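Novice: Provided herewith is a single structure, encoded as structure tokens, for subsequent inquiry.
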Amino acid sequence: MINSMTGYGRCERAVDSESGYSGNIIVEMKSVNHRYLEVGMRVNRDYGFVEDPIKKYIASNINRGKVDVYVSIGTSENAEAEVSVNLPLAKAYCDALQKIADSCPNAANDITASLIAKYPDVLNVRKKAEDEKIILDAVMPIVESAMNDFLAMRAAEGERLKADVLSRCKTILSIVEEIEQRAPEIVSEYRKRLTEKMKEILEQSTIDEQRIAMEAAVFADKIAVDEETVRLRSHFVQMNDVLSKGGAVGRKLDFIVQEMNRETNTIGSKITDAKLAHKVVDIKAELEKIREQIQNIE
């Protein structure tokens, strides 16, 4: 199977675990093409311990791509909290308020515990540490569900890329066939022009056929593209085989396209026929589109 490096997956689920966690969890992941695998994560500050297991899970499913992962873990409804009192600070607030009351006889002395508790840092709320295994056991099934959607999208996009690449390969092969059919005609036309030119120069009806044949042979050898078209066809067979086998083949396909470009440039440098020169340009245009598509294949 061919996979694209572009994908998106999301899963949101309300978890009510018998093991202890009860809350809402959201996992979202998206990716674009990248030379290697790069995973970026955003997780609630208190749950950083889930990052490493999730990254390892992603690496076991993906070979290449820049993947951004967002994980939101809601506070467990079963989570316990501790409230501590900063007694020295509370007493300091109380003494200060009492001084104000003593210096203002007409002011009502309404100093209460609830009033002092409202002042900054008097009361501190701290959530008790949650069991990391319980949290991870709650998160990973949601990560897996998001990953399934993510991989399904990459696979579907990969099949579209494969179909497009094969279609363009078919177009190029039809152009190569035209070049192969036209090449002998170019030699024949050259021989005819050479004969007419020599007749014109020598002003006689009889010319040295052996010389004509030799010149035509030299020209034919100079413009011969048989070797290049054979190698080009071989590269297309190889590309088809690689696409059929599937897997992480993006780099291999990129190398094959480079070789195709090399053979095409050689053909272009040998061809003197204007019509075939246009055909070479058409091949280059199709190869560039193939190269662009391959950049998105894992």
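Novice: Which members of the stretch 281-298 meet the condition of being in contact (Cβ under 8 Å) with a residue 60 or more places away in the chain and farther than 21 Å from Val242 by Cα?
Specialist: Asp282
Novice: Could you list, ordered by first residue, the pairs with Cβ atoms under 9 Å in which the first is in the stretch 123-141 and among the aliphatic types (A, V, I, L, M) and the second is in a loop (DSSP other than H, G, I, E, B) and modelled with pLDDT of 85 or more, at least 6 apart or interchain?
Specialist: Leu123/Asn86
Novice: Can you give me the number of residues within the stretch 1-38 that are over 12 Å from Tyr70 (Cβ atoms) and in a strand (DSSP E or B)?
Specialist: Total satisfying the criteria: 13.
Novice: Evaluate the following for Ala107: is it outside the structural domain of Ser22 (by TED's automatic domain parsing), of a type in the set (Gly, Ala, Ser) and modelled with pLDDT of 85 or more?
Specialist: Taking the combined requirement at face value, the residue does not satisfy it.
Novice: Test Leu123 against the criterion of being touching a strand residue (DSSP E or B) at 6+ places or on another chain (Cβ under 8 Å), more than 28 Å from Lys30 (Cβ to Cβ) and surrounded by fewer than 16 Cβ atoms within 10 Å (Cβ to Cβ), and give yes or no.
Specialist: When the stated conditions are applied, Leu123 passes them.
Novice: Within the stretch 259-272, does at least one residue satisfy the condition of being of a type in the set (Ser, Thr, Tyr), in a helix (DSSP H, G or I) and surrounded by 15 or more Cβ atoms within 10 Å (Cβ to Cβ)?
Specialist: Among the residues of the stretch 259-272, at least one is of a type in the set (Ser, Thr, Tyr), in a helix (DSSP H, G or I) and surrounded by 15 or more Cβ atoms within 10 Å (Cβ to Cβ), which makes the answer yes.
The values are calculated or read from the model by the stated rules, or taken from the named source; none is laboratory data. Keep in mind that this is a model prediction, so the values were computed, not measured. A quick note on method: Cβ atoms are made from the backbone with ideal geometry, for glycine too, and the neighbour counts reach across all protein chains shown.
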